[in-house]
1. Just to be sure I understand: if I project the alpha-carbon convex hull of the stretch 268-315 onto a plane and average over all orientations, what area do I get in nm²?
2. Quick check on the stretch 144-249: what are the equivalent-ellipsoid semi-axes from the Cα gyration tensor, as sqrt(5λ), descending, whole Å?
3. Take the alpha carbon atoms of the stretch 286-300, find their center, do the same for the stretch 189-263, and report the distance between the two centers in whole angstrom.
4. Just want the answer: with Cβ charges of +1 for Lys and Arg and -1 for Asp and Glu, which residue in LEU403, PHE348, PRO366 is farthest toward the dipole's positive end in the stretch 325-422?
5. For the stretch 326-466, count all C-alpha to C-alpha pairs, find those more than 27 Å apart, and express that count as a whole percent of the total.
6. Using only alpha carbons, build the gyration tensor for the stretch 2-478 and give me the equivalent ellipsoid semi-axes, biggest first, whole Å.
7. Give me Rg/Rg_expected for the stretch 23-83, where Rg uses Cα atoms only and Rg_expected = 2.2 N^0.38 Å with N residues.
8. Let me check against my output: what whole-number percent is the relative contact order of the stretch 2-478, with C-alpha pairs under 8 Å and at least 6 apart?
Amino acid sequence: MSARVSIVARIAREEWRALLRDRAAVLGLVLLTVLTLLAALNAHEYRRNADAERARYQDRANHEFQAQPDRHPHRVVHFGHFLFRPLNPLAAFDPGIDGYTGHTLFLEGHRQNSANFGDVRQNSLLLRFGQLSPAFVLQVLAPLLLVFFGHAGVARERESGTLRILLAQGVRSRQLVLGKLLALGGFAGLALLPALAALAWFALEGGTPWPLALLLGAGYAGWLLLWALTVVLASTLAARGRDALLALLAVWALAVILLPRWAPDLANSAVALSTRFEDGIHVQRDYLALGDAHNPNDPKFSVFRANLLKQYGVTRVEDLPVNYKGLVGMEGERLSSELFNGYAEAAFDRQGRQNAIVDGFGWLSPTLALRRLSMAASSTDLASYRRFLDQGERYRYELVQGLNRLQAEALTYTDDTTPNKENRVSRSHWEAFPEFHYQAAPAADTLRRAAPAGLVLLAWIAALALLAWHLAGRLGRSVR
């Protein structure tokens, strides 16, 4: 066993020497390292500035909301409030869909707004083609480095005639292929090191749970191992290094560039999303059918009024111990929120079905599986965006209902319906409302969400490893 390991190590060492003598390979590795570090610094600075800016705006919005003077509670409902989504520290490693989704949420009564001001709309059009980040470098550029400097590993031995000599000297074909794979895997490890250093930096600085950082590191290590297997496999099959290079470039273009572009388009064709304008029309139509909560005499609230009078044992709303207008506002907000949540749930359900279709293409292009895992671990996927919207909506609902309840309990119905009379309550009431604090998903939930994509990557690695082992065993017979 030790002799076999020694042979594999010697082959890997000789391959390393060949790579080190190749100035283009060394220069390529240096350039990739520099690019990774620049991407990490750029992404970190962007995330730090964006997070500081959002925190500053959030403090200002909280101050302006609390600094309102004494006024009617319903005027505070329509004054509204702003929420800003904080960035996960690992978003500097993989920004995911954050550049395309909004980060500012305006809260107001009787409406459920979507987040606005996505970075793609605010910045250069170059952002539409992908933000430079460590994830982008590893996903797109690192495989090219392995292709260019590893495609001739086995094919070179065949072309030069040394393969026959090595086999005649007792070197087994699988030992040869394993040595080439070990050398290329070490080369891939060097390409991965700067990104892992940046990942550790982001995790330490932001206090990210280590399981998520380890998941990201393992995912990209598996990704480069997958490409090392692919390159060695193509080199084993090809008669010439040039043939292996052309085949690998075609595989890279299809798996990394084309399929990840086509899959979302196919998913959008299979499960079409309604436009924001169409949704707005439908929501407004159904909202008007609920009745006007600003009008206590709206006939659509007649059943609610009758039940309320029966509950308190009175015959007139003026005799209720609470303000009827505030109660109608609470009921109207409850009904409208159920309506808004239904439309939001349907929209996210359609997007979820689209994502399921795209995830299915991960069996054809592991790039899609890697991206799903990477975005989930970085909290820059659709589920994390939805989590912010859901928490923002719960906060909005509690805020509005708290103000409606204040109207019902602190103001009388008679005063509230007297013309030209301004009813005010103390500003101390909205000063006491709690501020919004976004709660990230527990690490265990994120790991479960990323598990299917991780299994796809493992399946690809296992399949390629088995195929490479099988073909390596036949390599000796092909040269006899």
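A short reminder: the numbers here are calculations on the coordinates, not readings from a lab. These numbers come from a predicted model, not from an experiment. Virtual Cβ from ideal backbone geometry, glycine too; neighbours counted across all protein chains shown.
1. Result: a mean projected hull area of 5.3 nm².
2. For the stretch 144-249, the ellipsoid semi-axes come out as 35, 14, 9 Å.
3. 57 Å
4. The one lying farthest along the dipole's positive direction is PRO366.
5. Roughly 47 percent, once rounded to a whole number.
6. The answer is 62, 22, 16 Å, longest axis first.
7. On the way: Rg = 22.9 Å, N = 61, 2.2 N^0.38 = 10.5 Å.
Scaled against compact globular proteins, the figure is 2.19.
8. Details: 590 pairs, mean separation 117.7, N = 477.
Relative contact order, the stretch 2-478: 25 percent.
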